[in-house]
1. If I take every Cα pair under 8 Å that is 6 or more residues apart in the chain, average their sequence separation and divide by the length, what percent do I get for the relative contact order?
2. Per residue, how big is the convex hull of the range 230-349 when only Cα atoms are used? Give it in Å³.
3. Test of the criteria: in the range 355-463, which GluC sites (Glu not before Pro) are in a DSSP loop and have at most 10 other Cβ atoms within 10 angstrom of their Cβ?
4. Send over the semi-axes of the range 107-258's equivalent ellipsoid, whole angstrom and largest first, taken as the square roots of 5 times the C-alpha gyration tensor eigenvalues.
5. For the range 1-138, with every protein chain kept in place, what is the accessible area per residue (1.4 Å probe, Å²)?
6. Taking amide H positions as placed 1.01 Å from N in the peptide plane, with prolines and chain starts having none, which residues 5 or more places from residue 272, or on another chain, fall under 5 Å of its amide H?
7. What's the carbon and sulfur percent of the range 98-216's accessible surface, probe 1.4 angstrom, rounded to a whole number?
8. For the range 1-142, rounded, prolate or oblate, judged on the Cα gyration tensor with a ≥ b ≥ c (square roots of eigenvalues), a/c < 1.5 rounded, else prolate if a/b > b/c?
Amino acid sequence: MANDYIIKDIGLADYGRKELDIAETEMPGLMALRAEYGESKPLKGSRIVGSLHMTIQTAVLIETLVALGADVRWASCNIFSTQDHAAAAIAAGGTPVFAIKGQSLVEHWDYLDRSFQFEDGPNLILDDGGDATLYVLLGARVEAGEDALISVPKSEEEEAIFAQIKKRMKESPGWFTKMRDQIKGVSEETTTGVHRLYDLVKQGQLPFPAINVNDSVTKSKFDNKYGCKESLVDGIRRATDTMMAGKVAVVMGYGDVGKGSAASLRGAGARVKVTEVDPICALQAAMDGFEVVLLEDVLETADIFITTTGNKDVIRIEHLRQMKDMAIVGNIGHFDNEIQVAALKNHKWTNIKEQVDMIEMPNGNRLILLSEGRLLNLGNATGHPSFVMSASFTNQVLAQIELWTKGEEYKNEVYILPKHLDEKVARLHLDRIGVKLTQLSPEQAAYIGVTPEGPFKPEHYRY
Ligand code: NAI
């Protein structure tokens, strides 16, 4: 179909292509998969619906899937994260894509729906945060008559998804059930999406196998950590140009994203404090040299507040009311419910520029809110650098190959890629940065109970 895309401006395709060419030089894992599988095309026959931030790095992922034989349609998983020149390059290359930076929530679900519209529907999902999976499963439940689900839309977000489900049901009765039954599996990119999948298994509601890409070591211990280490401060700087050295910053959560975020702010010279609920992560933060505090105790003194928890209602309205004038507030976790932004809607908002708002509080203090509480490294900047995304996306491609070629060997559960593939992903990234790997002698390998080729660690090792 001609012009099977919705993007900002196809005229941006040349610019996108130039940046894609540069990104390829920084994504050795994906390029190695193209070299290894470009001829055998293991994804031939697959129809992949992708719901993941439509960035330059994702464009390299999409072109890798296509080079391996897949038919692909794409939507972004966040309303602010699209890079319009990346979307344009993908559209110009002939892959249908539906993503515009700053799209509305209604458009978000409409675009996701469009990305499902292969002639025969998709047979694989590549998800980030679980929206594509949610769309099919929720739709199928509504189709099955579970009306209670649609009677009380709670948030703007829920209203938008249910409206889209009803629209699709009217246009194509039985569609969701058909889609659910023909999907062979999903590979999930992020912590929050993975939580949703394990919940579905617990409820006996996961209808196809899932691969948890997030918990490959070469994903969460790199993208979540070293990625945020680069992209958090990038987002704050592009949004505010504030001087970070000397400022007091509070990072809520000290998981993988929190560790990277705290390191990012420290690297910029901020004095960083951390809040945690988990004693292990709190102890880690303290021993990494961060003061671990209660949010309530630093509201009036801190300058920058960043949520990284994947939890909801972490910064609540009573917290926002106590912050100092011109405090910067942002989130780098997957969803926008970490900060109670909805409770600010009746305050005076002044838009400074795209994804930066100044909000006047009842006591006269002003807050600078980034990306309306949505993940700011992708809303205010361009997400993680290509090199670290190469590791994440190499796992994604391996997961898609696994689901497509061996899907029937998997049960309807959540799996992690085997360690030898995790090590392979890391290995593919060593040359680019001049890493020299020491070779184990057979005697040494036998002594520590491994083979000289690896895997080098038992499953329970935590890195
Ligand atoms: P994680 O589970 O490793 O870390 C979250 C931490 O927050 C945990 O240590 C937990 O104990 C803590 N926490 C939970 N509730 C809390 C509360 N009320 N106050 C303080 N601490 C609290 O998860 P991870 O991998 O760090 O991911 C966090 C979020 O970031 C997820 O939503 C994930 O999907 C998202 N993510 C975002 C990325 C980005 O580029 N913006 C990249 C990767 C993940």
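The values are calculated or read from the model by the stated rules, or taken from the named source; none is laboratory data. Being a predicted model, the structure only gives us computed values, none of them experimental. Glycine also receives a Cβ, built like all others from the backbone with ideal geometry; neighbour counts cover every protein chain displayed. Calculation scope for accessible area: heavy atoms of the full protein, side chains included, ligands and nucleic acids excluded. Shrake-Rupley method; radii C 1.70, N 1.55, O 1.52, S 1.80 Å.
1. 16 percent
2. Working: hull volume 12.0 nm³, N = 120.
Per-residue hull volume (Cα only) is 100 Å³.
3. For GluC sites (Glu not before Pro) across the range 355-463 that sit outside H, G, I, E and B with at most 10 neighbouring Cβ atoms in 10 Å, the list reads 459.
4. Semi-axis lengths for the range 107-258 are 34, 19, 15 Å.
5. Values: 4580 Å² over 138 residues.
That works out to 33 Å² for each residue.
6. 249
7. Ligands and nucleic acids excluded, carbon and sulfur give 51 percent.
8. Taking the square roots of the gyration eigenvalues as a ≥ b ≥ c, the range 1-142 is oblate.
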